[in-house]
Amino acid sequence: MSFSIRPIQASDKDEWLALWTGPDSYLEFYESIDKVTDEATNTTFDRFLDDAEPVWAAVAVNDEGKLIGFATYLTHRNTWKVENTLYLNDLFVHPKVRLGGVGRALIEYVYKRADELGCGKTYWNTQFENHRAQLLYTKVGKKSGFLLYIRP
Ligand SMILES: CC(C)(COP(=O)(O)OP(=O)(O)OC[C@H]1O[C@@H](n2cnc3c(N)ncnc32)[C@H](O)[C@@H]1OP(=O)(O)O)[C@@H](O)C(=O)NCCC(=O)NCCS
């Protein structure tokens with residue numbers, strides 16, 4: 001399967017929504033369709049296209065021009081560095097095209113963007129039980145050694 005990675009564009013909205021929240025989607029994978037409001041989804045999409053917002057999305061597109069995956073990422077300050085840090089917020093490849101190198105290509109694209117944006121660090125989280133994702137992450141990253149806590 002051939003595919004390419006490019007920045008998201010306004011005309012991608014319907015296909016991105018299907019990958020984000022439709023059947024076999026990212027939010028379904030996280031059993032979170034009812035936890036993310038339409039307002040949040042629409043605001044997030046608008047922010048991807050807003051040059052003033054430090055939030056971006058890249059999409060994987062197959063040879064028919066159809067969206068088959070995406071990565072979203074944002075930058076933020078870091079008290080230990082002058083440069084911003086890049087956080088990979090979401091990564092998703094449609095179940096039908098997994099194990100074809102799309103996930104790796106999306107992460108490599110985000111690394112390239114981190115360099116372009118002058119970020120000193122790139123990081124992301126995953127669930128302990130997400131072994132499939134970790135099979136990819138051990139090849140393109142290394143464990144930070146930190147645990148993530150959230151406010152209850
Ligand atoms: C995690 C995810 C993005 C990976 O996407 P993908 O397109 O299947 O990943 P790739 O094909 O690029 O990479 C898979 C790599 O991990 C390895 N791998 C992944 N699953 C594997 C498996 N079940 N058995 C053996 N190796 C596996 C492959 O060998 C491959 O390594 P390579 O690049 O050296 O060939 C995809 O499974 C997904 O969207 N999952 C649901 C959402 C999710 O978990 N997102 C991440 C949240 S943190």
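Which residue, of GLU83, GLU129, is farther than 25 Å from GLU31 by Cα and either without any contact (Cβ under 8 Å) to a residue 60 or more places away in the chain or loosely packed, with under 11 Cβ neighbours inside 10 Å (or both)?
GLU83
Has the stretch 5-12 got at least one residue that is among the polar types (S, T, N, Q), more than 17 Å from LEU117 (Cα to Cα), modelled with pLDDT of 95 or more and surrounded by 15 or more Cβ atoms within 10 Å (Cβ to Cβ)?
Within the stretch 5-12 (the criterion being among the polar types (S, T, N, Q), more than 17 Å from LEU117 (Cα to Cα), modelled with pLDDT of 95 or more and surrounded by 15 or more Cβ atoms within 10 Å (Cβ to Cβ)), the answer is no, since none of the residues qualifies.
Would you mind stating whether ILE5 is under 20 Å from LYS139 (Cα atoms), touching a residue at least 60 places away in the same chain (Cβ under 8 Å) and either of a type in the set (Gly, Ala, Ser) or part of a strand (DSSP E or B) (or both)?
yes
Within the stretch 59-68, does at least one residue satisfy the condition of being open to solvent by less than 70 Å² (accessible area, probe 1.4 Å), of a type in the set (S, T, N, Q), over 20 Å from ASP14 (Cβ atoms) and in contact with a Ser or Thr (Cβ under 8 Å, 6 or more places away or on another chain)?
no
Please go through the stretch 22-42 and give me each residue that is open to solvent by less than 50 Å² (accessible area, probe 1.4 Å) and of a type in the set (Ser, Thr, Tyr), ordered by number.
Hits for the stretch 22-42 are SER25, TYR26, SER32, THR41.
Need the failing condition index for SER25 against (1) of a type in the set (S, T, N, Q); (2) within 10 Å of the ligand (Cβ to nearest atom); (3) touching a Pro at 6+ places or on another chain (Cβ under 9 Å), just the number.
(3) is the only condition that SER25 fails.
Looking only at the stretch 63-76, decide whether some residue is over 14 Å from the mean Cα position of the chain (by Cα), closer than 26 Å to TYR137 by Cβ and among the polar types (S, T, N, Q).
No, because not a single residue in the stretch 63-76 is over 14 Å from the mean Cα position of the chain (by Cα), closer than 26 Å to TYR137 by Cβ and among the polar types (S, T, N, Q).
Has the stretch 28-35 got any residue that is away from the ligand (no atom under 16 Å from the Cβ) and either of a type in the set (Phe, Trp, Tyr) or out of contact with any Ser or Thr (no Cβ under 7 Å at 6 or more places or on another chain) (or both)?
yes
Which strands (runs of 3 or more DSSP E) does the stretch 41-152 wholly contain that include 3 or more residues that are of a type in the set (A, V, I, L, M, F, W, C), more than 9 Å from the ligand (Cβ to nearest atom) and in contact with a Phe, Trp or Tyr (Cβ under 7 Å, 6 or more places away or on another chain)?
55-62, 67-76
Just checking, does the stretch 29-37 include any residue being at pLDDT below 95 and either part of a loop (DSSP other than H, G, I, E, B) or touching a helix residue (DSSP H, G or I) at 6+ places or on another chain (Cβ under 7 Å) (or both)?
No.
The values are calculated or read from the model by the stated rules, or taken from the named source; none is laboratory data. Note that the structure is a prediction, hence the values are computed from the model and not measured. No Cβ is skipped: glycine too gets one built from the backbone with ideal geometry, and neighbour counts run over all protein chains shown. These area figures cover heavy atoms from the full protein model, side chains too; ligands, DNA and RNA do not enter into them. Shrake-Rupley method; radii C 1.70, N 1.55, O 1.52, S 1.80 Å.
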